[in-house]
There are 2 protein chains.
Amino acid sequence: MSRLDSAIDRLTAQRACLDWAAAAIAGLAGPVLELGLGNGRTYDHLRTLLPTRRIHVFERQVNAHLDCIPPDEDLFLGDFLETLPGAGRVIGAPAALVHADTGTGEKAASVALAAAIVPLLLPVLASGAVLVSDQPMQHPGLVPVPLPHGVKPGRYHIYRNS
Amino acid sequence: MSRLDSAIDRLTAQRACLDWAAAAIAGLAGPVLELGLGNGRTYDHLRTLLPTRRIHVFERQVNAHLDCIPPDEDLFLGDFLETLPGAGRVIGAPAALVHADTGTGEKAASVALAAAIVPLLLPVLASGAVLVSDQPMQHPGLVPVPLPHGVKPGRYHIYRNS
């Protein structure tokens, strides 16, 4: 599999999971959290799918396409581990959907970061909220959801908060 | 169409065109030229598709994944307009396939660059060579080829050198 194949796999998996998740939260109130803005591709996709939901973005340093930069008031700038703990109070409502795209390309560091994020995420999730993640997340409250058709196991992950 | 949709469209079009081109040059001797290395995704795909062909890469400044950096002797480093004129003499054989991914995201500049590249490319192409390009290229010697199934017109371009 070439890096081109791999990139296509990754982006189509992201899209399939986000499309599924957007439909799955139709009956659930609450904002969306995007952890990791990157170049803004998935942020743009989420706001297209969910035009009436507020999307709060967490990013260390913004480096996105100019048309994919969230408004200042929706941006939590800094290290996830520092911005997440106070986020629930600022946002004021439990999230219906979280998309965590926090992998750095280095496996051990990405797994460690995901493990550190999980306990900070749980308190900001609504009951029944959907968590879509590029990294596996483990917590008794998070129930894995079968992946949409065409998404290879392990390529992306979806959980439902109990 | 979100930026995620657009990225998927672009990468799947690239892959479909490169896959088609690799098969189309099966009976034609000659190296491959990659204009624009970027992060090395399509270079990686080309060397996977065509493991016995030498791939010469043209790039202003290398900024690719470490495992997608061509050997020094296959790299023409600098502005296309400066490196292409002498390339044929160095390479020593007309190219069977060129992949030109030279767009910069700014339309007018990309079109102007493509127009400047065409006359420099023609002398290094074998008769019957395939040119795959992210920009439209116009020259009487270049005959447009119907795009592979699923590639939207205008998204990518394929020509056969007469």
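Throughout, read-outs are computed from the coordinates displayed, never taken from laboratory work. These numbers come from a predicted model, not from an experiment. Cβ: placed from backbone, ideal geometry, glycine included. Neighbour counts: every protein chain shown.
Odds and ends about this structure:
- GNM remark for chain B: springs join alpha carbons under 10 Å apart, and the peak mean-square fluctuation among B:P144, B:P71, B:P136 falls on B:P71.
- Restricting the GluC sites (Glu not before Pro) of the stretch A:48-133 to loop positions (DSSP other than H, G, I, E, B) with no more than 16 neighbouring Cβ atoms within 10 Å leaves A:E106.
- As computed over chain A, the Cα convex hull volume per residue (Å³): 114 Å³
- Average partner coverage of A:108-115, which counts Cβ from other chains inside 10 Å: 0
- For the stretch A:12-64 versus the stretch B:1-64, the inter-centroid distance based on Cα atoms is 30 Å.
- Rounded to 5, the percent of DSSP beta bridges in the protein assembly as shown classed as antiparallel: 30 percent
- Fluctuation leader among A:H56, A:H65, A:H99 - chain A, Gaussian network, Cα springs under 10 angstrom: A:H65
- Label point 7 Å beyond Cα along the C-beta direction, distances from B:V62 to other copies (nm, shortest first): 3.5
- Helices assigned as whole DSSP H runs in chain B whose Cα atoms extend at least 24 Å along their own long axis and whose mean Kyte-Doolittle hydropathy is -1.0 or higher are found at B:3-24.
- Extreme residue, positive dipole direction of the stretch B:1-143, given options B:P31, B:Q61, B:F76 (C-beta unit charges): B:P31
- Within chain B, antiparallel bridges make up roughly 30 percent of the DSSP beta bridges whose residues both belong there.
- Averaged over the residues of A:40-50, the number of partner chain Cβ atoms lying within 10 Å of the residue Cβ comes to 4.
- Considering only B:A22, B:A100, B:A109, the Gaussian network model of chain B with Cα springs below 10 Å gives its largest mean-square fluctuation to B:A109.
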